[in-house]
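The values are calculated or read from the model by the stated rules, or taken from the named source; none is laboratory data. Only a predicted model underlies this, so the values are computations on that prediction, with no experimental measurement involved. So basically every Cβ, Gly included, is an ideal-geometry build from the backbone, and we count neighbours across all protein chains shown. Remember, those area values only see protein heavy atoms, side chains included, never the ligands or the DNA or RNA. Shrake-Rupley method; radii C 1.70, N 1.55, O 1.52, S 1.80 Å.
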Amino acid sequence: MPSLGTQIIWLFVLAISIACISWTVTKEELFAPLRRIAAKHRLLYPLTCEYCFSFYVTFTIVLIANY
């Protein structure tokens, strides 16, 4: 089991990664067409909210990281 310091560092690394991915998808111009399509469809609306989308990103990263 990793030390407490290592676990805290990884916690911050994961949090920063999730925040960056969420911000990029929900705010940057690169994904503007995707957001416009998502805003038209109520089912995809959480893709336009940074807070909501961060939960989906977190879930995906936890699955990939095998926590």
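Summary of computed values
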| read-out | value |
| --- | --- |
| Qualifying positions in the stretch 8-57 - under 24 Å from residue 67 (Cβ atoms) and open to solvent by 80 Å² or more (accessible area, probe 1.4 Å) | 9, 10, 11, 12, 16, 23, 51, 55, 56 |
| Among residues of the stretch 1-53, those that are outside any helix (DSSP H, G or I) and not acidic (Asp, Glu), counted | 5 |
